[in-house]
Each structure stands twice: as structure tokens, then as C-alpha cells.
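What follows is a set of notes on a single structure, which appears directly below.
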Amino acid sequence: MTHTIDWSDGPAVVIIDQTLLPQREEILRLTSVPELIGAIQRLAVRGAPALGVAGALGVALAARVSADPVADVATLRAARPTAVNLARGVDRVAARLAEGPEVVLAEALAVRDEDIASSASMGRYGADLVTELIGPEPRLLTHCNTGGLACVTGGTALGVITTLHADGRRVEVIASETRPLLQGARLTAWELARAGVPYRLAVDGAGPFLMARGEVDAVILGADRICANGDVVNKVGTYAHALGAARAGIPFLVVAPETTVDMATKSGADVEIEDRGAAEISSTGAPAVNPAFDVTPHDLVTAIITDRRVVRLSRGETLAGVVLGPLR
């Protein structure tokens, strides 16, 4: 399987079960919307762009197998509230429900194909910017997982890294393990190893110290939602890395498709932050607070890289003011 998520006649949504990586690579065929919702909520499929595709394909599945497609679509849309892509993918395809299952499926597959093109374009925009800011031998710190596993294929921030590697740049990566579910240690390390990119794994709390010690040239990571003012909602731990980058005086770069830019949400204060409960971080019954995401204020972000443009917030550019360019 070359795609993290795809459609299969049957019908089914087909995914790589990311909860089993890196020990085992297993393909799941999800033949009902409740099965897909369960896979989303337990993070068998995750990553903002991949969730957008999951939402789109889930509507196509509902159109074919659900007794009440409208109810199933509404439940799917609310499966995870923080990342905007899931709701966007659902809404776009659900708007075609009245036109029949074939039209719905065609729209869902268009969402999938656009995500593939988007990853390639982000990789190019991002690689060019990193080379401009840092030079041919960048040492980058990344957080969570932003590779092909977070998209259909390719990736966001990790897609930039693999593009640099393919360009012959001598890129080195520090990947933070990413608490609480270790997406960095389990997934990013696995993808970097498969791509042949030199990397080291670090605990989350080490990132700012490694920056202060001069071992990192830039931080590059993804986003689950980018607000109208440039605030970035991403996996918890991102804010700490942004503070470390600001203190060290190095670029803090965010890579995400235009579908993650939410101009209807004014700032990060308006975003519902998912809390995943105590069980993921404590086996003793201790009370816990477990936000899955945090908000990085826009004034800590050097640039936002999408599939259509580079917005340099540190130079006073805004998402509203920088026009969309072409896919590259």
C-alpha cells in the first residue's frame, strides 16, 4: 500500500493502522462509518491532511452503506474537534449527497488527489525557504509526525525534509518523541529511517535546551489548524519549541496545506482543544490533564508554508494579505 488512506471498491476506506507502527504494518478495511469514526478517535488514522481525506471518503462510504447517511456524516464531522481538515473534508463532499453516490465518490477522490498534489507543492516551497534561510546543510528539529502517515503520501513538514534530502542537501533531523502517544518516536523515526535521512530522537523537554546549545538551525513542524491571525494549533509541545526557538534566535517554520488555514477562526483562543483523558498518560489512576494540542501565538512564528504560498509573519505579512500562488 503506497497511500496512508485510500478508497477500495467493496466499498471500504482502507488505512494503515498507525497504532501498530513501527512493530507491525497492518492494513485495515473499514466498511462502515462507525468503524471509520473509531479508527479516527483511537488515532489509527491521524494527521490533519489525512483526516480531511478520511472525512471525504467517510461521506462517500455513508452514501453507499448507511441507513441514515446524514446522521452518520454529522457524527463523523464531530469525531475530533480541533483539526479543521476533518470538518472541511466532510462538508465539501456532503454538499454533493443529493446528487447520488457516484458523484459523492468522485468528489471524495478529488479531495484525495488534491492532497497528494498539495504534499509535493509544500515540499518544494518549504525546501526552497529552508535553503534560503539556513543554507545547504540544515539541522532541523521537528515535532509529532508530519510525513506521509499524516497525509495520503508525502507529508507537510517531514515532506519538506525529504524533499531537501532528495535535493542532495545534507539535512540532519532531531525528532522529538512527542508525548503522550509517541508519534515522533514511533512514526517520524520510522519514516525518516525508511527515507534514509540522518536523525536522532530526543525527549520533548530537550528541544529548547538543544536549541540553546546551538544544535538546531530551525524548528519545522505541521499544524492542525492555523487561525486567521496566524496562531498555530498543533500537537501539544509545539508551544515550548516555539519559545525555545525565539530564545535561541532561530526560525520557527510551520508547514500545512491551505485546507488547514481557518480564516473563520479569529485566534487560537477560539479553538476547542481536545483533552484525551488520564488513561493515555497514567496507569495509576492519578488525576491528569492531557491536552492533545496547544496554541503557539503568531508572533513566535517565522513563516507559514502552504501548498500555495509562503507567509512570513516575522516580516509583518498576514494570511489575509499574501495572495495564493500556484501549486509547485
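Every number here is computed from the coordinates shown, using simple stated rules; none is lab data. Quantities reported herein were computed from a predicted structural model and do not represent experimental measurements. Cβ sites come from the backbone with ideal geometry, for glycine too, and all protein chains shown count toward neighbours.
Figures for the structure shown
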{"quantity": "Dipole of the chain, positive end: most advanced residue of ALA98, VAL13, ILE174 [Cβ charges, Cα centre]", "calculated": "ILE174"}
{"quantity": "Efficiency of FRET between GLU102 and ASP275 - r from beta-carbon atoms, R0 45 angstrom, step 0.05", "calculated": "0.65"}
{"quantity": "Cα lying deepest toward the dipole's positive end in the chain, options ALA74, LEU221, GLY325, charges on Cβ", "calculated": "LEU221"}
{"quantity": "Qualifying trypsin sites (Lys or Arg not before Pro) for the range 121-218 [loop in DSSP, other Cβ within 10 Å: at most 13]", "calculated": "ARG170, ARG213"}
{"quantity": "Loop sites in the range 264-328: GluC sites (Glu not before Pro), DSSP, at most 13 other Cβ within 10 Å", "calculated": "GLU272"}
{"quantity": "Magnitude of the charge dipole, the chain, Cβ model with Lys/Arg +1 and Asp/Glu -1, debye to 20", "calculated": "560"}
{"quantity": "Spatial separation of Cα centroids for the range 78-102 and the range 230-258, in angstrom", "calculated": "28"}
{"quantity": "Mean residue ellipticity (222 nm) of the chain, computed from DSSP H runs ≥ 4 via -39,500 (n - 2.57), nearest 500", "calculated": "-11000 deg cm²/dmol"}
{"quantity": "Cβ-derived FRET efficiency at R0 25 Å, ALA71 paired with SER8, nearest 0.05", "calculated": "0.55"}
{"quantity": "Mean separation of Cα contacts under 8 Å, 6 or more apart, over the residue count of the chain: relative contact order %", "calculated": "15"}
{"quantity": "Rounded to the nearest 20 debye, dipole of the range 8-70 from Cβ charges on Lys, Arg, Asp, Glu", "calculated": "100"}
{"quantity": "FRET efficiency, 1/(1 + (r/R0)^6) with R0 22 Å, evaluated for MET263 and ARG328 via beta carbons", "calculated": "0.50"}
{"quantity": "Prolate/oblate/rounded label for the range 4-46 (Cα gyration tensor, a/c 1.5)", "calculated": "oblate"}
{"quantity": "The range 2-106: C-alpha gyration tensor shape, a/c 1.5 cut-off, then a/b vs b/c", "calculated": "prolate"}
